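Notes to accompany the following structure.
The values are calculated or read from the model by the stated rules, or taken from the named source; none is laboratory data. Everything numeric here is computed off the predicted structure, so don't read it as measured data. All Cβ positions, even for glycine, are placed from backbone atoms using ideal geometry, and neighbour counts span all protein chains on display. Keep in mind that these areas ignore ligands, DNA and RNA; they rest on the heavy atoms of the full protein, side chains included. Shrake-Rupley method; radii C 1.70, N 1.55, O 1.52, S 1.80 Å.
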Amino acid sequence: MNFSGSILLVDDEAHIRKFISLLLRHLGVERIFEAANGSIALEVYKKENPDLVMLDVNMPVMDGIETLRALKVINPDCVVVMLTSLANRQTIDDAVALGAANYIRKDAPPEEIGRALADTIDNCFEPDDSGPAAPDA
Amino acid sequence: MEDPLINPSIDLKGRRILAVDDDRINLRIIGGILRNEGYEIAEAASGEQALEVYAAFQPNLVLLDVMMPGIDGFATCRTLKKAYGDKCAPVIFVTAKSEADDVVMGFDAGGVDYLTKPFRPKEVVARIRTHLSNQQLVEQQKDLVQQLSKANAAKDRFLGMCAHDLRNPLSSIRGLAELMDENAIGELTSEQREIIQTIHGASQSMLLLVNELLDVATIEAGHLKLEKAPTSIVEIVERSVHLSNIEAAKKNTRIEMVKIDTDPMVDVDRNKMRQVVDNLINNAVKYSPRGSIITVLIHSNGVVAGFAVRDSGPGIPESERHKLFKDYGRLSTEPTGGEKSTGLGLAICRKIVEAHNGTIGVDNIPGRGAEFIVSLPLYK
């Protein structure tokens, strides 16, 4: 995967963060930030300004949809990939309507997650990695 | 849940009986006999009054005189049956004449039995007891069915919740093991690799089970939502054949597709139908000897179209055929490469196919193998 940017990974389940972050490192992503819920994610986002956010849907404190809305207020161009478990059509539609770039089933095997992430990166970033382009709706 | 066994000694005391007769003396006699037995009695002197008293008293049984001024017993019975339907209390007719015509008319009107005047108290008591007991058994059975279907729905909900909550941790375990096997955290020793591969295999088969349980729970709870679109059968089958061939190659098995002149279209939920094709092909690979050839044949007769998966396994034992498409219907036949089976796959296939108004069946090919045939209404 050709991506030299940074990724913020948001999920309340530690094992998911462990799994996805190991996968990201394996794919060559070097700068990974983690957050266990939406409100922490917003803090980290403001501080670190990551290039891409991977965002869980079901979380306590502040859920994924709410967090997505807040992220889009901070930066309307931020690239957000939703992490879902069971594909819930309604949630996915809501997220896409709010400007999410893609969604990934986190219960999929690593290569499938990697492929979906690579697709999103291809769609949303210029090949020279000079920062995010407009998300492909 | 309470023990669903029915108490065999039925206590009928306090059961409500409505006695209807225009003859006061008759009412007094029958009332006396029945009160003596511990029943609660309400009386009515005409059909019209009977309808009123019925509504207020809600009896468990009605004793209804046939010959009455105003609306007679048969008409009263028909009115009651119409008003209360299945919930109407059983009606026993009381008639002075025991002529056959009368009796037949009584049954036609919805009565369950008849008594002839003058009364023989023992007969009255025995017949009433029989009908009250029957009625009570029916009620108990209805309760029981209701309780059981509630318990079954609760079980499905529980399974669904369980499966749902197990899925994410299991996916993480599987994913982490897979990444370690790919040296994501460095080169492994051969022992470490063996252990990691064991963890991967075990979590993979648990995930499979959990996913199938979740499918069953979703379908049983009536939450199977089909996103139908006109789809080419060849396209669905081709993709599955391609993907399955990768896995089948490990057993030196090959899957071939046999097309026909046309490319039949069906109105289906692509993902669900792929699941059916995948499942049938995987089964064929699982139960066929190493190095065999599995054939997937497209079929269409202008009304229905579909596909058939032909394997070279041992076939389906006749004695176990009935279990095949049922939940947890595992057969005695074993996979040939140590693969796992939950016994849910074919049940899920059947449910998906039936939700599309299609059919799924199996035939043994004499000499070798089984052929699973799926047929769906052709899209026009």
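Coupling constants for the stretch B:258-267 follow from the phi torsions by the Karplus curve (6.51 cos²θ - 1.76 cosθ + 1.60, θ = phi - 60°), and in residue order they are 10, 8, 10, 4, 9, 10, x, 10, 10, 9 Hz; glycine and proline get x.
Using only Cα atoms, tell me the angle between helix B:345-355 and the longest principal axis of chain B; keep it within 0 to 90° and round to the nearest 10. On a 0 to 90 degree scale, this one is about 60. Going by amide H atoms built from the backbone, whose H comes under 5 Å of the H on A:M59, apart from near neighbours? Sorted by chain and number, the residues that satisfy this are A:G64.
For chain B, find the longest principal axis of its Cα atoms and tell me its angle to the long axis of helix B:24-36, 0 to 90°, nearest 10. Approximately 50 degrees, to the nearest ten. If I model the stretch B:259-326 as equal point scatterers sitting on the Cα atoms and use the Debye formula, what is log10 I(q)/I(0) at q = 0.17 Å⁻¹? Listed by q, the Debye log ratios stand at -0.78. When +1 charges are put on Lys and Arg Cβ atoms and -1 charges on Asp and Glu Cβ atoms, the dipole computed for the stretch B:7-73 relative to its Cα centre reaches about 320 debye.
Buried accessible surface for the B/A chain pair comes to about 1500 Å², total over both chains, computed with a 1.4 Å probe.
Partner aspartates and glutamates whose Cα lies under 19 Å from the Cα of A:K72, excluding those fewer than 8 positions away in the same chain, are identified as A:D11, A:E34, A:E43, A:E48, A:D51, A:D56, A:D63, A:D93, A:D94, A:D136. If R0 is 30 Å, what FRET efficiency do you get for B:N245 and A:E126 from their C-beta distance, rounded to 0.05? Between B:N245 and A:E126 the formula returns 0.20. Rounded to the nearest Hz, the phi-derived 3J(HN,Hα) couplings of the stretch A:109-126 under the Karplus curve 6.51 cos²θ - 1.76 cosθ + 1.60 (θ = phi - 60°) are x, x, 5, 5, 4, x, 5, 4, 5, 4, 4, 4, 5, 4, 6, 9, 10, 5, where x marks glycine and proline. One decimal place: the segment B:Q58-B:E235 gains 57.5 nm when fully extended, by the rule 0.36 nm per residue minus the C-alpha distance.
What are the equivalent ellipsoid semi-axes of chain A, built from the alpha-carbon gyration tensor (square roots of five times its eigenvalues), in whole angstrom, biggest first? Could you put the intermediate results ahead of the total?
Details: eigenvalues 70, 57, 47 Å².
Its equivalent ellipsoid spans semi-axes of 19, 17, 15 Å.
How large is the accessible surface per residue of the stretch A:26-94, computed with a 1.4 Å probe and reported in Å² as a whole number? On a per-residue basis, the stretch A:26-94 sits at 48 Å². Under a cut-off of 13 Å between alpha-carbon atoms, report the aspartates and glutamates in cross-link reach of B:K250, not counting same-chain residues fewer than 8 places apart. Filter leaves B:E339.
The residue list B:N282, B:V266, B:L226 was ranked by how far each Cα lies along the charge dipole of the stretch B:216-297 toward its positive end, using unit charges on Cβ atoms, and B:N282 comes out on top.
Here the Karplus relation 6.51 cos²θ - 1.76 cosθ + 1.60, evaluated at θ = phi - 60°, turns the backbone of the stretch B:364-380 into coupling constants of 8, 8, x, x, 6, x, 10, 10, 9, 10, 10, 10, 10, x, 5, 7, 10 Hz, with x for every Gly and Pro.
All Cα-Cα separations within the stretch A:1-73 were binned at 10 Å from zero, giving a P(r) of 22, 54, 24, 1, each value a whole percent of the pairs.
For the cross-link pairs B:K81/B:K122; A:K106/B:K259; B:K82/B:K326; B:K225/B:K380; B:K251/B:K380; A:K47/B:K225, the ones whose C-alpha atoms lie over 32 Å apart are A:K106/B:K259; B:K82/B:K326; B:K251/B:K380; A:K47/B:K225.
Express in nm, to one decimal, how much length is gained between B:E187 and B:Q147 on full extension, taking 0.36 nm for each residue of separation and deducting their alpha carbon distance.
On the way: separation 40, 0.36 × 40 = 14.40 nm, distance 5.73 nm.
Taking 0.36 nm per residue and subtracting the Cα distance, the gain is 8.7 nm.
Write down, largest first, the equivalent ellipsoid semi-axes of chain B in whole Å, where each equals the square root of 5 times an eigenvalue of the alpha-carbon gyration tensor. Can you show the working numbers first?
Details: eigenvalues 864, 134, 65 Å².
Taking √(5λ) for each Cα gyration eigenvalue gives 66, 26, 18 Å.
Computed with the Debye formula from one identical point scatterer per Cα of the stretch B:182-282, without solvent, the log10 of I(q)/I(0) at q = 0.11, 0.12 Å⁻¹ comes to -0.54, -0.63. The value for the stretch B:111-150 of Rg(Cα) / (2.2 N^0.38 Å) is 1.65.
Annotation: amide H of A:R31 within the under-5 Å range of A:I7, sequence separation 5 or more or interchain, hydrogens built in the peptide plane. Applying a DSSP loop filter and a limit of 13 other Cβ atoms within 10 Å to the trypsin sites (Lys or Arg not before Pro) in the stretch B:231-321 leaves B:K259, B:R290.
Remark: the B:S133-B:F119 segment gains 2.9 nm on full extension, using 0.36 nm per residue and subtracting the alpha carbon distance.
In this structure, B:M257 and B:F158 have a Cβ-Cβ separation that, at R0 = 60 Å, corresponds to a calculated FRET efficiency of about 0.90.
When the alpha-carbon atoms of the stretch B:45-115 are used, the pair Rg, Dmax equals 11.1, 33 angstrom. If you bin all the Cα-Cα distances of the stretch A:73-117 at 5 Å, starting from zero, the percentages per bin are 5, 22, 28, 22, 15, 7, 1. Its alpha carbons considered, the protein assembly as shown gives a radius of gyration followed by a Dmax of 34.3, 106 Å.
Could you tell me what percent of the accessible area of chain B is made up of carbon and sulfur, with a 1.4 Å probe and every protein chain present?
Details: 10880 of 20140 Å².
Accessible surface attributable to carbon and sulfur in chain B totals 54 percent.
For the stretch B:71-179, the residue among B:I71, B:Q135, B:A83 whose Cα projects farthest onto the positive side of the dipole built from Cβ charges is B:Q135. In this structure, the amide hydrogen of B:A305, modeled 1.01 Å from its nitrogen in the peptide plane, lies closer than 5 angstrom to those of B:L376, B:L378, counting only residues at least 5 positions away or on a different chain.
In chain B, the longest principal axis of the Cα atoms and the axis of helix B:73-84 are about 30 degrees apart.
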